[in-house]
Amino acid sequence: MAEHGRKPGPTSDASDAPKISPGNVDIGRIEKAVREILFAIGEDPNREGLLKTPNRVARAYGELTAGLFEDPRIHLRTVFHERYDEVVLLRDIEFHSICEHHLLPFTGRAHVAYLPDGKVVGLSKLARLVEGFARRPQVQERLTGQIADALMEELNPMGSACVIEATHTCMTIRGAKKPGSVMVTSALRGIFKENPASRAEIISLMHG
Ligand SMILES: [Zn+2]
């Protein structure tokens with residue numbers, strides 16, 4: 001974790017430990033780095049319009065990566081014990097993440113489902129689960145799998161599923177420059193992976 005320049009809590013005693021802000025990022029270190037980027041692109045970080053930019057960028061990264069040292073699975077630990085054996089699906093959970101290859105935003109919607117086997121959680125918890133895994137440097141494939149796996153581990157359901165549709169600015173504003181392109185990933189676990197009828201049902205539910 002040392003190369004992150006960032007530690008999970010304020011208690012580290014390593015001599016080069018960064019000063020951790022309440023947002024859990026080393027504001028001063030990001031500020032310095034952003035000034036360097038501004039110099040490197042030929043800008044003048046001392047001109048009026050850019051004076052506060054390093055600090056703003058540092059705070060923005062604090063928000064965008066706030067989930068990094070959080071375990072989003074905790075949101076699934078307040079459960080109700082219900083005899084409900086139909087699919088629970090929350091569609092269109094908006095999320096914002098940053099791709100770990102370019103540190104550029106990717107944003108979209110997650111659809112999350114599970115087939116309970118006794119344990120049920122509030123729908124808002126599914127949204128918090130997505131949020132927690134999204135707020136860190138990510139790749140969409142891993143984000144999708146982490147959400148489905150967390151549901152399996154915490155709720156022991158018959159199955160879980162996550163489909164994510166997202167637009168990656170590293171693809172739409174640079175590189176391939178394909179505006180409007182949407183990347184779709186899915187992770188199916190348990191019965192949704194093993195049983196073709198269940199799989200077909202969940203996929204059609206998720207696509208509305
Ligand atoms: Zn990228």
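The values are calculated or read from the model by the stated rules, or taken from the named source; none is laboratory data. Source: prediction; values computed, not measured. All Cβ positions, even for glycine, are placed from backbone atoms using ideal geometry, and neighbour counts span all protein chains on display. Remember, those area values only see protein heavy atoms, side chains included, never the ligands or the DNA or RNA. Shrake-Rupley method; radii C 1.70, N 1.55, O 1.52, S 1.80 Å.
Points worth noting:
- Residues satisfying the stated conditions in segment 29-42, i.e. over 18 Å from Leu68 (Cβ atoms) and among the small types (Gly, Ala, Ser): Ala40, Gly42
- Of all residues assigned to segment 137-157, none qualifies as being in contact with a Gly (Cβ under 9 Å, 6 or more places away or on another chain), open to solvent by 10 Å² or more (accessible area, probe 1.4 Å) and touching a residue at least 60 places away in the same chain (Cβ under 8 Å).
- Residue check for Leu123: open to solvent by 10 Å² or more (accessible area, probe 1.4 Å), at pLDDT below 95 and over 11 Å from the mean Cα position of the chain (by Cα): yes
Rundown of residues vs (1) of a type in the set (Val, Ile, Thr); (2) at pLDDT 95 or above; (3) surrounded by 14 or more Cβ atoms within 10 Å (Cβ to Cβ); (4) closer than 20 Å to Ser97 by Cα, yes/no style:
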position	(1), (2), (3), (4)
Pro8	no, no, no, yes
Asp16	no, no, no, no
Arg29	no, yes, yes, no
Glu43	no, yes, yes, no
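- Picking from residues in segment 104-115 that are more than 8 Å from the ligand (Cβ to nearest atom) and open to solvent by 10 Å² or more (accessible area, probe 1.4 Å), the one that is farthest from Gly180 (Cα to Cα) is Leu115.
- Selection within segment 189-208 - touching an Asp or Glu at 6+ places or on another chain (Cβ under 9 Å), open to solvent by less than 80 Å² (accessible area, probe 1.4 Å) and either in a helix (DSSP H, G or I) or within 12 Å of Val163 (Cβ to Cβ) (or both): Phe192
- Qualifying residue in segment 85-103 (condition: open to solvent by 60 Å² or more (accessible area, probe 1.4 Å), within 30 Å of Gly159 (Cβ to Cβ), touching a residue at least 60 places away in the same chain (Cβ under 8 Å) and among the basic types (Lys, Arg)): yes
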